[in-house]
Amino acid sequence: MDDFENKDLQSPENEAAGSAAQPDKGAKSPTQVEDDLVKELEGIRTLLQNELDSEKEETVTVGSDEIIGDNSELIQELDEIEETAEDEEGEKKEKRICECCGENECDDSYGENYPYCAECRKLMTASPAHFGGIVMFVVMLVVAGVSLYFCAGSANDYTSLMTAQTAYSEKRLIDAASAYSTYIQSKTADDDVSLKAVRNLIDIFSTMGYYNDAANLVTTYGETHPSIMKNEKFTKIPETYASFLATSSAVNSAIGDVVSSGEKFDYDKKAAELDKLLKEGKDEEGTPYSTVFIEYYKFVLMSLADFDESKQIEQLLKVKELDKGENKWIYLPNFVNVYAKMGDAQNAGLYFEECMSLNIQESDLYMVYANAYRFGEKIDADKILAIADRAKESWPSSAAPGYQQIYAVGYLLKGDGESAMKAIEEFVGNGNYTVSACNLYALCSLYVKDNEGYEKMVDLFKTSGSSIGSTIVKYKNGKMTLEQVLTDKGGDI
């Protein structure tokens, strides 16, 4: 094996060299060996070449004339085919063929790379749409329209719901109630309504004292949303509403005359009639009276009878204790009002903030709270204007009712009659012809020496069978200063 491998790897020159390396008598010199090897190799090459030439001559000799002739014709035909193919390829490059029919030349009049001929274009543009295609197209349009309709409806529902949720979380209960109502009314089936929407709207109505609306929701959705009936607060609402109606009817019979007339009355006598209702405890049909509501109406009597503010606060505290936080709407705003009349901005502010924790859209309450800074020992116009700003911000969807009046009072106290007039004009101009607003409009008109604006309010009061507030007339006649009018607790402003 080793000998074989070594042999394969050796060249003829190495073999010759190996042979020459052996000692031999009469050995040739290296030059002689090389010359002999060259001659031998040349002889082998000559022999092989002769054999190849002989075979070639024999092959060509046999039928040489016929083969050569046939080959010449074949070569000529091949050349002609190649030339024809080249010509056709050139024509294709020069003349583009229609992709539709594959025969006619493309019509370049419609563009350099237009792929169709003129005939095919006529057929394509003149071909009428198939009836089946038209029907399918119409069906697709209808389906798309219906899809858009329902998508738009879903989007509107979602928008209303999100608007309501945002307002509810920000304690903007008026905006929230409006958005929730819009969402619920858009649903055709009660069970399609979001449970959270119903629960929140019930909570809003009960928080604001709208027991009728809250009770209707509980009754309507109690079956489709059973979890509502598991909420003790909600299940009590229909009973609370029934008690409220029975108590209101009984109270109206007892003291309705003095509440509506505004005339002087015997407080003790009227309070005794309310105590009688407490003893009876229920109406003829067995519906229980609300102790909280009856005690609240005692406070109303105290207010009408001009009881000292401290006495009124005592009665409100009694109502608060009896209520245990279930009907805050009925007494919390009155705490703000009484403390504001006392000029006690600190306590008025505490109850005001508690009211704001329930609903920041208690529009009238902002004006009531602002009174604390004009009825106290120290008048603070800047605080009043800050409250006006807060009132305006509480209604992002629309103008907060009444905030212009707060601005007008604040600006008057700062001596800025022009800004005050602009604010109250905006409020009254929107159709808010309340007694206090019209009195304030008349006062602002007098302050900026707009006699025409003042007379306009005089005529308006005459039309309604009443007259401008006495403090406004005294200011006009020089009997009261502007500050005295604005700090008077009589209620003209």
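The values are calculated or read from the model by the stated rules, or taken from the named source; none is laboratory data. The shown structure was predicted, so the numbers you read here are calculated from the model rather than taken from an experiment. Please note that ligands, DNA and RNA were not included when accessible areas were found on the heavy atoms of the full protein model with its side chains. Shrake-Rupley method; radii C 1.70, N 1.55, O 1.52, S 1.80 Å.
How do LEU245, LEU332, LEU195 rank by accessible surface area computed with a 1.4 Å probe, from largest to smallest?
Ranked from most to least accessible, the order is LEU245, LEU195, LEU332.
Karplus couplings for segment 204-219 from phi (6.51 cos²θ - 1.76 cosθ + 1.60, θ = phi - 60°), rounded to Hz, Gly and Pro as x?
Along segment 204-219, the couplings run 4, 5, 6, 5, 8, x, 8, 5, 4, 5, 5, 5, 4, 5, 4, 5 Hz.
Between LYS282 and residues 5 or more places away or on another chain, which pairs have amide H atoms under 5 Å apart, with H built 1.01 Å from N, and which residues are they?
Counting only residues 5 or more places away or on other chains, the set is TYR289.
Counting every Cα pair in segment 284-335, what percent are over 13 Å apart?
The proportion of pairs with Cα distances above 13 Å equals 56 percent.
Separation of segment 180-255 and segment 262-280 by C-alpha centroid, Å?
32
Mind listing P(r) for segment 331-447? All alpha-carbon pairs, 5 Å bins, whole percents.
2, 13, 22, 24, 21, 13, 5, 1
Please report the relative contact order for segment 300-444, taking Cα pairs under 8 Å with a sequence separation of at least 6, and give it as a percent rounded to a whole number.
It comes to 15 percent, rounded to a whole number.
In terms of modelled amide H atoms, which long-range or inter-chain residues lie less than 5 Å from the amide H of ILE97?
For ILE97, whose amide H was placed from the backbone, the distant partners under 5 Å are CYS106.
Hey, can you grab everything whose amide H is under 5 Å from the amide H of GLN361? Only 5+ residues off in sequence or another chain; H modelled, so Pro and N-termini drop out.
Residues meeting the criterion, in which the H sits 1.01 Å from N, are LEU173, ILE174.
Once the cut-off is 19 Å, how many percent of the Cα-Cα pairs in segment 325-397 end up in the long-distance tail?
Summing the P(r) tail past 19 Å for segment 325-397 gives 28 percent.
Kindly identify segment 180-300 as rounded, prolate or oblate by the Cα gyration tensor criterion: order the square roots of the eigenvalues as a ≥ b ≥ c, call it rounded if a/c is under 1.5, otherwise compare a/b with b/c, prolate if a/b is larger, else oblate. Show your work: numbers first, answer last.
On the way: a/c = 3.51, a/b = 2.38, b/c = 1.48.
Prolate, since a/c reaches 1.5 and a/b exceeds b/c.
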